[in-house]
Structures are given as structure tokens and as C-alpha cells.
Amino acid sequence: MAAKYKRVLAVLILLLLVAQMLYIGQKNQPEEEEEIVIEHPLLIWYTDPDIQAYMEASAAEASARYQVEIRAELVSEVDYIENINQASVAEEMEGPDVYVASSALLEKATLAGLTSPVTDAGLLSSYSEKAVQAVTYDGTVVARPFYIETCFMLYNCYYVNPENVPDSIDGILTYAEEFEADEVTEKVENIFKWNVADVIDNYMFLGAYTNLGGTSGDDKSQVSLDLSKIEECMAYYQSLNSFFAIDADTVTSEEVIQEFIDGKTVFTIVNVPMLAELDRAVKAGELPEYVTERTVVNEAGEEETVTAVYEPFYRIQPLPSLTDELWTRGLSVTNSVVVNPYSKNVDAAFACARYLTKERAGKLYEESGKLAACQSPVKAEEEPKSIFSYQSLYDRLLGDDRASESAEGTEKYQAVYEAYEQAAEVPKIMELSNVWLQLEVVLADIWRGADAGEELARFSELLDGQLEEK
């Protein structure tokens with residue numbers, strides 16, 4: 001009898017193994033090519049010249065793949081939504097079938113009747129919840145996430161022990177006080193430098209205590225400033241001028257990243273285009289040589305020579321806090337691809353949008369220096385310690401010739417996405433469309449020494465006035 005049960009059990013196990021192999025085989029089958037039928041050539045509009053190479057290559061490859069004519073056209077960002085609307089409602093529809101728009105424009109586009117609901121059932125398996133919320137207006141997903149923008153911290157591994165990186169600006173100040181120049185650090189001119197004239201970079205100093213429209217950035221009832229906390233943050237921000245003496249009138253992002261590339265800066269705050277410039281310089285070999293050996297005193301009180309070589313020479317961290325009591329929060333922009341409901345080829349337009357944002361997304365960083373919003377097929381249940389993973393996308397970020405990039409490289413980009421997930425998305429509320437110009441002036445004045453309380457009070461009144469105007 002026992003032998004009979006063993007035979008039955010063996011058969012059951014064999015059947016389960018066969019079923020699992022069949023399931024895996026079906027799961028790994030490539031998706032069937034989607035057949036596209038169009039009445040007119042498909043037109044895509046976008047405004048960012050940085051993505052021109054990607055858009056043109058994507059249009060050409062999609063045209064060949066689907067055997068239809070697809071054109072990508074770079075247009076002016078001035079009155080972008082107004083121009084789309086005007087061209088779309090003309091007697092002969094002349095507007096784009098598909099267009100790229102930042103999350104900040106989605107309220108305007110939706111209220112103008114220029115967005116189409118995205119109803120893909122598996123959207124959250126391709127994009128994080130943060131990215132999906134960024135393209136949601138009034139509870140409806142109105143676009144597909146395309147590429148992300150946010151700020152994060154870089155540090156030079158030759159100057160900072162990667163196992164002991166400061167997680168606050170207070171910690172960076174401590175590092176500065178203890179800093180001693182030697183043969184390794186002789187190039188250093190700046191302990192900490194960022195573009196203090198850029199409102200996106202500076203938003204971190206008040207972002208933790210600012211709410212600009214709730215989770216989806218579209219709720220006017222959730223616009224608020226915790227002025228007492230922000231004033232504390234601004235006082236701290238202003239005090240940094242005496243430590244780091246960055247000139248807001250002359251500093252540029254190009255200067256900031258070049259000085260980091262040249263080994264002149266230990267810590268910096270950068271955005272994705274600056275990271276892309278850094279990676280370009282690394283790939284081109286435009287880096288200084290570092291002294292890789294130094295003499296240290298070990299725990300036994302004896303001198304020994306240690307060697308360190310870092311590839312790449314830098315690492316990325318999410319934004320540091322200010323102190324143990326004052327937090328930071330960065331800002332993010334999620335650029336999206338929208339299907340124009342006025343299109344005479346709506347089904348084809350949706351297929352094109354998926355192709356741009358998902359199927360070809362692995363080439364986006366290589367061709368345009370933009371990080372795609374599309375996440376890896378690896379699901380949260382497979383890696384319970386993280387919300388999601390961008391692993392397979394990372395493997396393609398720098399092209400097929402670098403598809404076997406090290407785990408360190410993968411972690412590098414993971415830190416960017418972590419910073420994105422922690423950041424607040426720019427609001428969609430149209431009344432706040434010019435808030436950044438106003439905030440930039442406020443932050444610049446405070447940096448130069450203006451009274452933080454007075455500047456913030458004026459800004460808060462201005463914010464309230466704009467929300468009440470319309």
C-alpha cells in the first residue's frame with residue numbers, strides 16, 4: 001500500500017512540474033504584434049529638444065514595425081496646449097494624434113477635452129503607483145507615464161567612505177569641519193555645492209512642510225504651507241550661505257556638474273540631465289586621475305597602506321535631511337504621453353503611446369539622457385522588501401554593450417528612483433502654474449539675506465490670492 005501511495009505522489013509531482021513548465025513557457029512568450037490600421041499618418045508632438053533623437057528613432061522603428069507612417073515633430077512649448085486645441089478643432093484635424101506633456105499640464109489639457117482615459121488593466125505592473133498618480137486627474141488616469149525628473153545627492157567615493165555617508169546636511173557640515181586636505185583630496189574646492197538659483201533644486205528645503213494639491217496634485221483644498229516649520233528650514237538654508245558661499249547670481253547647473261566631474265566637489269545636488277552629463281563624461285574618459293593609495297593608522301596603532309578604486313567614482317543618495325529634526329522633500333516632474341481624443345486613429349495612437357513609454361523605454365536614457373518611468377516586470381510580491389524594481393530596465397539604460405552592468409551600477413539608478421518616489425509631484429492646478437517663478441525669487445532673496453518670515457508671509461498671501469482668483 002505504501003508503495004502505491006508513493007507512485008501516486010510521484011505522478012502528482014510530475015504533473016505539477018509539467019504544468020509549471022507550461023505556465024512559464026506561456027508567460028515568457030513574446031506579446032503578439034499589434035496590428036495597426038490608420039486612416040491618416042500618425043503625428044506626435046513634443047517640446048523637449050533633448051528627446052529628439054529618441055522620438056525620431058521611435059517613430060522610424062514604429063513605422064517599420066507596424067507598416068504605417070508615423071511622424072514625430074518638435075514644436076514650441078509656448079502656448080502648447082492652446083496650439084494643440086486650435087489645431088485639433090480645425091475644420092481638418094491638423095493636431096497631433098499623440099503628444100508629450102508634463103504632469104503640470106494635465107489639468108489644462110483635460111479641461112480642454114484633449115486627454116483620453118487610459119484603461120490598461122495592468123498599468124501598475126508597468127509603472128509605480130507614484131507615477132500613475134502623477135498622470136491622474138480627478139480620479140482618472142489621463143496619460144501614460146513617460147520619463148521622470150527629480151533631484152538627488154551625489155558624492156565622490158574617493159573623498160567619502162561609502163559606508164559612512166552623511167544622511168543630513170548637518171552631517172555634511174561635520175564632514176567639512178573635519179576635512180583635511182591630503183594627496184587624495186588635493187583637487188577639492190567645494191565640500192558641498194548645488195545650483196542655489198534653481199527653484200527645483202532648492203525646493204527640498206521647504207518641500208517636507210508644503211502641500212501643493214494632495215497625492216495627485218489636483219486638489220485646491222489641499223494647498224497649504226506650514227509656515228512655522230518652513231521658516232525654520234529657511235533660516236537653516238540661509239545660514240548655509242556663510243558656510244558654502246555659493247553665488248546665486250552666477251552659479252549654473254553646467255558649472256556644478258562639471259566641477260563634480262573634475263573632482264573639485266565632494267557633495268552635490270543634481271537632477272537627471274546632470275547625471276546623464278556625468279555618465280557621458282565617465283564613458284568618454286574625461287575624468288581626472290585619483291591617488292588610489294593612502295597610508296592610514298589601523299586599530300592596532302600601526303601604519304598600513306590601503307588601496308581603493310571606484311567604478312564609477314561616484315554614488316547616488318536620495319536627498320539628505322537638514323538636521324535630525326528638520327526634514328527635506330524634493331520635487332518631481334513626470335512627463336507623460338497623451339492620446340488626443342480628436343485623433344482619427346485613436347486605437348493606433350494608444351498603441352503608439354504604449355510603444356513610446358513601455359516597449360522602447362529601455363533605450364531612452366541611452367539616446368536622450370532621460371530616465372523612463374516604466375518599471376521592470378519584476379513584481380512587488382517577488383521582492384517583498386521593496387515597492388517595485390527597475391532591474392531589467394537598468395540593464396538596458398546604457399545600451400546593449402553595457403547590458404551586464406554591475407550590481408553597483410544597478411543600485412546607482414535605484415537611488416534615483418527612490419528619490420523620485422519620495423518627492424512631491426508638481427501640481428496640476430492651473431492657478432499655480434506660475435508659482436515656480438515666484439518661489440524662485442523668494443528663495444534667492446532669502447539666500448542673499450532677506451528676512452525669511454517676511455518673504456514667506458508674502459509668498460503665502462500670493463498663493464492664497466491666486467487660488468481665489470479663478
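The values are calculated or read from the model by the stated rules, or taken from the named source; none is laboratory data. Quantities reported herein were computed from a predicted structural model and do not represent experimental measurements. Cβ placement follows ideal geometry from the backbone for every residue including glycine, while neighbour counts extend to all protein chains displayed. We work out accessible area using only protein heavy atoms, side chains counted, and drop any ligands, DNA or RNA first. Shrake-Rupley method; radii C 1.70, N 1.55, O 1.52, S 1.80 Å.
Mind checking which residues of region 267-291 are hydroxyl-bearing (Ser, Thr, Tyr) and within 22 Å of residue 330 (Cα to Cα)?
Within region 267-291, just 268 meets the criteria.
Counting only residues that are open to solvent by 40 Å² or more (accessible area, probe 1.4 Å) and assigned to a loop (DSSP other than H, G, I, E, B), which one in region 154-179 is nearest to residue 307 (Cα to Cα)?
The selected residue is 161.
The rows are residues; the columns are (1) modelled with pLDDT of 95 or more; (2) of a type in the set (D, E, K, R); (3) open to solvent by 40 Å² or more (accessible area, probe 1.4 Å); (4) under 20 Å from residue 127 (Cα atoms).
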position: 356; (1), (2), (3), (4): yes, no, no, yes
position: 377; (1), (2), (3), (4): no, no, yes, yes
position: 382; (1), (2), (3), (4): no, yes, yes, yes
position: 389; (1), (2), (3), (4): no, no, no, yes
position: 400; (1), (2), (3), (4): no, yes, yes, no
position: 410; (1), (2), (3), (4): no, no, no, yes
position: 413; (1), (2), (3), (4): no, no, no, yes
position: 419; (1), (2), (3), (4): yes, no, no, yes
position: 460; (1), (2), (3), (4): no, no, no, no
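Being of a type in the set (Ser, Thr, Tyr) and under 18 Å from residue 204 (Cα atoms) is the requirement here; does residue 328 meet it?
On the way: of a type in the set (Ser, Thr, Tyr): yes; under 18 Å from residue 204 (Cα atoms): yes.
Yes, satisfied.
Looking at region 211-240, which of its residues are assigned to a loop (DSSP other than H, G, I, E, B) and open to solvent by 60 Å² or more (accessible area, probe 1.4 Å)?
Of everything in region 211-240, those that are assigned to a loop (DSSP other than H, G, I, E, B) and open to solvent by 60 Å² or more (accessible area, probe 1.4 Å) turn out to be 215, 226.
Only one of these conditions is not met by residue 175: (1) under 26 Å from the mean Cα position of the chain (by Cα); (2) more than 15 Å from residue 426 (Cβ to Cβ). Which number is it?
Looking at each condition in turn, residue 175 falls short on (1).
Quick one: residue 393 ticks every box in (1) surrounded by 20 or more Cβ atoms within 10 Å (Cβ to Cβ); (2) modelled with pLDDT of 90 or more except a single one, so which number is it?
Going through the list (1) surrounded by 20 or more Cβ atoms within 10 Å (Cβ to Cβ); (2) modelled with pLDDT of 90 or more, residue 393 breaks only (2).
Regarding region 266-286, can at least one residue be identified that is aliphatic (A, V, I, L, M) and touching an Asp or Glu at 6+ places or on another chain (Cβ under 7 Å)?
So far as region 266-286 goes, yes, one or more of its residues are aliphatic (A, V, I, L, M) and touching an Asp or Glu at 6+ places or on another chain (Cβ under 7 Å).
Has region 261-270 got any residue that is under 21 Å from the mean Cα position of the chain (by Cα), open to solvent by less than 40 Å² (accessible area, probe 1.4 Å) and of a type in the set (Gly, Ala, Ser)?
No, because not a single residue in region 261-270 is under 21 Å from the mean Cα position of the chain (by Cα), open to solvent by less than 40 Å² (accessible area, probe 1.4 Å) and of a type in the set (Gly, Ala, Ser).
In region 180-210, how many residues are modelled with pLDDT of 95 or more and surrounded by fewer than 16 Cβ atoms within 10 Å (Cβ to Cβ)?
Matching residues across region 180-210 total 1.
Against the condition surrounded by fewer than 21 Cβ atoms within 10 Å (Cβ to Cβ), touching a Phe, Trp or Tyr at 6+ places or on another chain (Cβ under 8 Å) and at pLDDT 95 or above, how does residue 276 come out, does it pass?
So residue 276 fits the description; yes.
Return a yes/no flag: does region 325-337 have any residue that is closer than 30 Å to residue 217 by Cα and of a type in the set (D, E, K, R).
yes
Do we have any residue at all in region 137-144 that's open to solvent by 10 Å² or more (accessible area, probe 1.4 Å), farther than 30 Å from residue 103 by Cα, out of contact with any strand residue (DSSP E or B) (no Cβ under 6 Å at 6 or more places or on another chain) and among the polar types (S, T, N, Q)?
Taking every residue of region 137-144 in turn, none turns out to be open to solvent by 10 Å² or more (accessible area, probe 1.4 Å), farther than 30 Å from residue 103 by Cα, out of contact with any strand residue (DSSP E or B) (no Cβ under 6 Å at 6 or more places or on another chain) and among the polar types (S, T, N, Q).
Evaluate the following for residue 300: is it farther than 30 Å from residue 440 by Cα, touching a Cys at 6+ places or on another chain (Cβ under 9 Å) and hydrophobic (A, V, I, L, M, F, W, C)?
no
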